[in-house]
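What follows is one structure encoded as structure tokens, with my remarks underneath.
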Amino acid sequence: MGLEEYKGVYIFAQQVDKKLSSIAFELIGKGKDLAKDLGTDVTAVLLGSGIKGLADELGEYGADKVIVVDDPSLETYMTEPYAQALTAVINEFKPEIMLVGATAIGRDLGPTVSARVATGLTADCTQLDIGDFPLEPKEGVEQKHNQLLMTRPAFGGNTIATIACPNNRPQMATVRPGVMQKLPKEAGRKAEVIDFDAKIEKNNRFVEIQEIVKSVVTTKNIMDAKILVSGGRGVGSKENFKLLEDLAEAIGGTVSCSRAVVENGWQPQDLQVGQTGKTVRPQVYFAIGISGAIQHVAGMEESDIIIAINKDEDAPIFDVADYGVVGDLNKIVPQLTEQIKAAMAAKA
């Protein structure tokens, strides 16, 4: 493999029902940072059927080029045709870096494609940088420069691993949604659009979709919330979450929770924050009855303001909180809710 042949930062621009997923814009934003360090540009790979019109939106969010594979077999996501298409793009254009969102689609597509192009893949990354590998010079070991350093939690979130792929290209990673920041939309900005025929061939790995059933989501997307009122095991019961719901309603926020709450069946998994849940960046994050295990903190530490309420003054959550209240949440949360309601009423 001639590594010098591989150039550019590429991102998989996921779309569902001809609507671009937020992770596509997040990957472009991070891709621009990486491309700046490498002196190259960012290319979005757009796969689907009847989706060429989405290329303009990718350009407005920072993509320099958009490779469009428009094929009827890509109408609905299926592993085989999508894997064929992305593999063909990589083999033809030879990107140095290929980023895929760690969504349900990306976690299926990324490993399949990496195996077909004979490279490694680091899954569920929370940080990406350009640097030297090994990180520190070692006697007898060549230190390679301008490598993609892929950082991800390991061993249940108890340690952080930085991984590189110095001997194969492209360097591939799936990236956790909500971790990277998208760039502001620049209306009218154009990307170079390249139509590409991936020559997708039907084989015995194709599946036949009998029926698509779309469920109605009744929970709010916590990744979009500006204020989150999050509860942990310390809330005590499913019924006690009514205290948090009242506070969220008073302040215009959304309820979320820790992994322990989901495991106890108190709240649905869609509301889980943390390493095995969602990564959030609200303006205000209330951590109520949450101890602050590293797995949870990994999903909310980028919040603008963190307010912790816990009866244990030694709880790790206070190490990351901007404001902390030590005490019984059953007394503090109702009082806080009433104070907020009174302030809102006075303001009105």
* Check the stretch 79-100 and report whether any residue there is over 23 Å from Cys165 (Cβ atoms), out of contact with any Pro (no Cβ under 8 Å at 6 or more places or on another chain) and of a type in the set (A, V, I, L, M, F, W, C). => no
Reported set for the stretch 6-27 where residues are part of a helix (DSSP H, G or I) and either within 18 Å of Val69 (Cα to Cα) or in contact with an Asp or Glu (Cβ under 9 Å, 6 or more places away or on another chain) (or both) is Ser22, Ala24, Phe25
Asp37: passes all of (1) farther than 30 Å from Glu4 by Cβ; (2) assigned to a helix (DSSP H, G or I) but (1)
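When the stretch 243-264 is examined, which residues are found to be without any contact (Cβ under 8 Å) to a residue 24 or more places away in the chain and either of a type in the set (D, E, K, R) or touching an Asp or Glu at 6+ places or on another chain (Cβ under 7 Å) (or both)?
Scanning the stretch 243-264 gives Glu245, Glu249, Glu263.
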The residue that is farthest from Gly289 (Cα to Cα), considering only those in the stretch 209-240 that are part of a loop (DSSP other than H, G, I, E, B), among the β-branched types (Val, Ile, Thr) and under 21 Å from the mean Cα position of the chain (by Cα), is Val217
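Based on this model, can you work out whether Asp124 counts as crowded, with 18+ Cβ neighbours inside 10 Å, modelled with pLDDT under 95, in a strand (DSSP E or B) and touching a strand residue (DSSP E or B) at 6+ places or on another chain (Cβ under 8 Å)? Before you say what the answer is, go through the steps one by one.
Details: crowded, with 18+ Cβ neighbours inside 10 Å: yes; modelled with pLDDT under 95: yes; in a strand (DSSP E or B): yes; touching a strand residue (DSSP E or B) at 6+ places or on another chain (Cβ under 8 Å): yes.
It is true that Asp124 is crowded, with 18+ Cβ neighbours inside 10 Å, modelled with pLDDT under 95, in a strand (DSSP E or B) and touching a strand residue (DSSP E or B) at 6+ places or on another chain (Cβ under 8 Å).
Out of the residues in the stretch 19-75 that are among the hydroxyl-bearing types (Ser, Thr, Tyr) and over 21 Å from the mean Cα position of the chain (by Cα), state the one that is nearest to Leu149 (Cα to Cα).
Looking only at the stretch 19-75, we keep the residues that are among the hydroxyl-bearing types (Ser, Thr, Tyr), and these are 21-22, 40, 43, 49, 61, 73.
Next cut, over 21 Å from the mean Cα position of the chain (by Cα) only: 40, 49, 73.
Details: Thr40: 17, Ser49: 34, Ser73: 35 Å.
The extreme case among them is Thr40.
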Requiring at least 1 residues that are touching a residue at least 40 places away in the same chain (Cβ under 8 Å) and either surrounded by fewer than 16 Cβ atoms within 10 Å (Cβ to Cβ) or among the charged types (D, E, K, R) (or both), the helices (runs of 4 or more DSSP H) wholly within the stretch 265-348 are 329-347
Given (1) surrounded by 17 or more Cβ atoms within 10 Å (Cβ to Cβ); (2) in contact with a Leu (Cβ under 6 Å, 6 or more places away or on another chain), Leu109 misses just (2)
Would you check if there is a residue in the stretch 43-57 being in contact with a Phe, Trp or Tyr (Cβ under 9 Å, 6 or more places away or on another chain), closer than 30 Å to Phe206 by Cβ and of a type in the set (Val, Ile, Thr)? yes
Cβ pairs under 8 Å, 6+ apart or interchain, first in the stretch 35-62 and more than 20 Å from Lys182 (Cα to Cα), second among the hydroxyl-bearing types (Ser, Thr, Tyr) and outside any loop (DSSP other than H, G, I, E, B), ordered by first then second residue, are Leu47/Tyr82; Ser49/Ser73
**Asked** What about Tyr77, is it part of a helix (DSSP H, G or I), of a type in the set (Phe, Trp, Tyr), surrounded by 17 or more Cβ atoms within 10 Å (Cβ to Cβ) and touching a residue at least 24 places away in the same chain (Cβ under 8 Å)?
**Response** no
With criteria (1) crowded, with 17+ Cβ neighbours inside 10 Å; (2) within 17 Å of the chain's Cα centre (by Cα), Gln147 comes up short on (2)
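The values are calculated or read from the model by the stated rules, or taken from the named source; none is laboratory data. In this text the structure is predicted, and so the values were computed from the model without any measurement. Using ideal geometry, Cβ is built from the backbone for each residue, glycine included, and neighbour counts are taken over all protein chains shown.
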